[in-house]
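The structure appears below as structure tokens.
The values are calculated or read from the model by the stated rules, or taken from the named source; none is laboratory data. All values reported here derive from a predicted model rather than from experimental measurement. We place every Cβ from the backbone using ideal geometry, glycine too, and count neighbours over all the protein chains shown.
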């Protein structure tokens, strides 16, 4: 299957700072990328969908000004958590889908801890 | 709104046992259904993807079935091994202009040596 990487794999930051997470498709062009969040013992919840070169579409209840998503190229999407707070601590996972949309390929996830 | 339920939430079995994990969904208008494996603190590994026109898919010791009309899927694991211990997630894929995955909470499987 296709490979998606995420960086960093783990980040700890102070409350009030901003954190950027990168998601890269290594061997395919991801026309669409998805960002998910997973709290302990909970389902993965879709946060937003981004198409290359256009604004992201956010799911209901997700603050677009807090979770900034940029999908500037067919191989890179970034999620920036602005003014992070302890309640933003979670596991963030991205996925990418090619033009045919048959399958999403998932990154390894980023563990964010906000102190 | 699509809702996905997985039963049981946790399962512990001795090595060598065959087992079945269950997934149900409320809206039968799905595009695909996918089973994933997630190890602690890790991302997702895709196991099997079943298209809506298919009834089952097999890979090695894994067999997944899909009954769209009843809103159910099962993942059958034969001859379980300790290395199979992980959380198994079921995800329903809605197609068209609203393409998205809706995940269940998962089944935590422990296979004891």
note = The correct count of residues that are assigned to a strand (DSSP E or B) and surrounded by fewer than 18 Cβ atoms within 10 Å (Cβ to Cβ) in region B:49-64 is 6
task = Give, as residue ranges, the strands (runs of 3 or more DSSP E) completely inside region A:63-114 that count at least 1 residues that are touching a residue at least 40 places away in the same chain (Cβ under 8 Å).
result = A:76-81, A:90-97, A:104-106, A:110-114
ask   = Just one of the numbered conditions (1) out of contact with any helix residue (DSSP H, G or I) (no Cβ under 7 Å at 6 or more places or on another chain); (2) part of a loop (DSSP other than H, G, I, E, B); (3) at pLDDT 95 or above is not true of residue A:15; which one?
value = (1)
query = From A:78, A:49, A:113, A:17, which residue is over 19 Å from residue B:101 (Cα atoms) and within 12 Å of the chain's Cα centre (by Cα)?
reply = A:78
ask   = Pick from region B:72-103 the residues that are at pLDDT 95 or above and not in a strand (DSSP E or B): which of them is farthest from the other protein chains (Cβ to nearest Cβ)?
value = B:79
Residues (surrounded by 14 or more Cβ atoms within 10 Å (Cβ to Cβ) and part of a loop (DSSP other than H, G, I, E, B)) located in region A:30-58 = A:30, A:31, A:43, A:52, A:56
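Residue-wise test of (1) surrounded by 15 or more Cβ atoms within 10 Å (Cβ to Cβ); (2) facing chain B (nearest Cβ under 9 Å).
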{"site": "A:4", "(1), (2)": "yes, yes"}
{"site": "A:27", "(1), (2)": "no, no"}
{"site": "A:62", "(1), (2)": "yes, no"}
{"site": "A:77", "(1), (2)": "yes, no"}
